[in-house]
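The block underneath contains the structure these notes are about, expressed in C-alpha cells.
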Amino acid sequence: MEVIYSIELMQQKSDEWVRKNKRIGFVATMGFFHEGHTHLMKEARQQNDIVITSIFVNPLQFGPHEDYDRYPRDERHDTLLAEQAGVDILFLPDVEEMYPRPMQVSMSITDRVNVLCGKSRPGHFDGVITVLTKLFNMTRPNRVYFGMKDAQQVAVVDALIRNLNFPIELIGLPTIREVDGLAKSSRNVFLSSVERDEAIWIFKSLKEARQLVVDGEKNPAIIVKEVADTITRRTSGKIDYVELLSYPHLTPVSVIEQQVIVAVAVQFEHTRLIDNLLFDASGKLIEGIK
C-alpha cells in the first residue's frame, strides 16, 4: 500500500489508472477506522482493480461549536487497518493541501438537507458536497462506498452524483453493528459506561418501529411517538430528532406507502449518536442501496 499526501501525485496516479481502463473504488473517510470503515474497503477490494481510501477531517462540515478539534485521529492505526483491508492508496491530504486559500467557489445543497442532522447543522452538507467534489476530481472513481449509518449523507451524495453528472456508481452498504446492536461509530469512545449500556436502546427502538409496520401500522406519527417514548424511557440522552421520511428524497409522508427511513439522533453528555432503519411499506428491511 502506498500513502500519498499530495493532491498532484494523487491526480497523476488516478489519471494513469483511467488511461489503463482500471476500475477505481473510492472510500472517503475522516479516519479513526473501525469495522464499518474496513467493511467498505473490503467490499471495494472485491469489486475494483484499484482501491483508494482517503482520510481527511474536513473543517467545512463542522459548525463553530462542534467537535472538529476533538474528533479522534490515529494515523498509524488507520494505516495498518487500511493495508490489512487491501487498500492500494491511502490518501492523507492535510488542510493546507486541500484548502490552501479560502474557497472562491461556493457549493450548497438545498434539497434533502433541512431534515434529520441537516436541520440542526446548517451548512454541514455544503461542506460535505464541497469536499467530495474535490475528492472525486482527485481520485476519478468508478464506484464510491458509503455506510448507511449516515443515510442522510448517502442521500446527499446520491443527489450530488446525479445533479453534477459524475460518472460514478454509489454503493451504500448496511450499517455495521456491535454484538448488542449499537451502530459502530468513531464517537462511541466518548460514551460513559452507563451511556454505553443505555445506547443499545436506540437500535431497539428502531426495531420496534419496524415491527409496528410489519404488524400493519401505517401512521408515521404513531411510530415516531413509540420510538421517542422508548428512547426517553430507557436512556439519559436528549433526543435531537426522531423522524420518519421517504427515502432517498427525505420528504414527509402522511401514510407509509413507499420506502421510508426511521432515523434518530440522541445527544449524550459528550457525544451525539445517530442511527436509522430503512424498510418498505410492508416492513421489509432495506439494508443498502445501489
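When you check ALA228 against the structure, is it buried (at least 17 other Cβ atoms within 10 Å of the Cβ) and over 28 Å from THR29 (Cα atoms), yes or no?
no
Scan the stretch 90-108 for residues that are in a loop (DSSP other than H, G, I, E, B), hydrophobic (A, V, I, L, M, F, W, C) and crowded, with 17+ Cβ neighbours inside 10 Å and jot them down.
Of everything in the stretch 90-108, those that are in a loop (DSSP other than H, G, I, E, B), hydrophobic (A, V, I, L, M, F, W, C) and crowded, with 17+ Cβ neighbours inside 10 Å turn out to be LEU92, MET107.
I need a count of the residues in the stretch 116-145 that are more than 15 Å from ILE24 (Cβ to Cβ), in contact (Cβ under 8 Å) with a residue 40 or more places away in the chain and among the β-branched types (Val, Ile, Thr).
Count: 3.
Got a sec? Which of PHE166, PHE136 is over 22 Å from PRO72 (Cα atoms) and either at pLDDT below 95 or not in a helix (DSSP H, G or I) (or both)?
On inspection, the qualifying residue turns out to be PHE166.
Quickly run through the stretch 270-280 and pick out the residues that are at pLDDT below 95 and surrounded by fewer than 20 Cβ atoms within 10 Å (Cβ to Cβ). Give the steps one after another, and end with the answer.
Let us first name the residues in the stretch 270-280 that are at pLDDT below 95, namely 270-272.
HIS270, ARG272, listed by residue number.
Take the residues in the stretch 181-198 that are touching a helix residue (DSSP H, G or I) at 6+ places or on another chain (Cβ under 8 Å) and at negative phi; name whichever of them is surrounded by the most Cβ atoms within 10 Å (Cβ to Cβ).
SER185
Filter the stretch 184-202 for residues that are at pLDDT below 95 and either among the polar types (S, T, N, Q) or within 17 Å of ASN276 (Cα to Cα) (or both) and give the result.
Answer for the stretch 184-202, where residues must be at pLDDT below 95 and either among the polar types (S, T, N, Q) or within 17 Å of ASN276 (Cα to Cα) (or both): LYS184, SER185, SER186, ARG187, ASN188.
Anything in the stretch 210-225 that is surrounded by fewer than 17 Cβ atoms within 10 Å (Cβ to Cβ) and not in a loop (DSSP other than H, G, I, E, B)? List them, or say none.
Passing the criteria: GLN211, VAL214, ALA221, ILE222, LYS225.
Which of the residues spanning the stretch 170-200 are charged (D, E, K, R) and under 16 Å from MET41 (Cα atoms)?
Answer for the stretch 170-200, where residues must be charged (D, E, K, R) and under 16 Å from MET41 (Cα atoms): just LYS184.
Is there a residue being under 22 Å from ILE289 (Cβ atoms), of a type outside the set (Lys, Arg), part of a helix (DSSP H, G or I) and out of contact with any His (no Cβ under 8 Å at 6 or more places or on another chain) anywhere in the stretch 185-199?
The answer is no, given that none of the residues of the stretch 185-199 is under 22 Å from ILE289 (Cβ atoms), of a type outside the set (Lys, Arg), part of a helix (DSSP H, G or I) and out of contact with any His (no Cβ under 8 Å at 6 or more places or on another chain).
Looking at the stretch 1-34, which of its residues are touching a Lys or Arg at 6+ places or on another chain (Cβ under 6 Å) and farther than 25 Å from VAL95 by Cβ?
VAL18, GLY25, listed by residue number.
For the stretch 4-49: of the residues being polar (S, T, N, Q), buried (at least 19 other Cβ atoms within 10 Å of the Cβ) and part of a helix (DSSP H, G or I), which is nearest to the chain's Cα centre (by Cα)?
Checked the stretch 4-49; the qualifying residue nearest to the chain's Cα centre (by Cα) is THR38.
Is it true that some residue in the stretch 133-146 is hydroxyl-bearing (Ser, Thr, Tyr), within 18 Å of the chain's Cα centre (by Cα), on the phi < 0 side of the Ramachandran plot and surrounded by fewer than 22 Cβ atoms within 10 Å (Cβ to Cβ)?
Start the filter on the stretch 133-146 by keeping residues that are hydroxyl-bearing (Ser, Thr, Tyr), which leaves 133, 139, 145.
Pick out the ones that are also within 18 Å of the chain's Cα centre (by Cα) and you get 133, 145.
Narrowing further to those that are on the phi < 0 side of the Ramachandran plot: 133, 145.
When the remaining residues are screened for being surrounded by fewer than 22 Cβ atoms within 10 Å (Cβ to Cβ), the result is 133.
Checked the stretch 133-146: at least one residue is hydroxyl-bearing (Ser, Thr, Tyr), within 18 Å of the chain's Cα centre (by Cα), on the phi < 0 side of the Ramachandran plot and surrounded by fewer than 22 Cβ atoms within 10 Å (Cβ to Cβ).
The values are calculated or read from the model by the stated rules, or taken from the named source; none is laboratory data. Fair warning: this is a prediction, and the values are worked out from it, not measured in the lab. Reconstructed Cβ throughout: ideal geometry from the backbone, glycine too, with neighbour counts over all protein chains shown.
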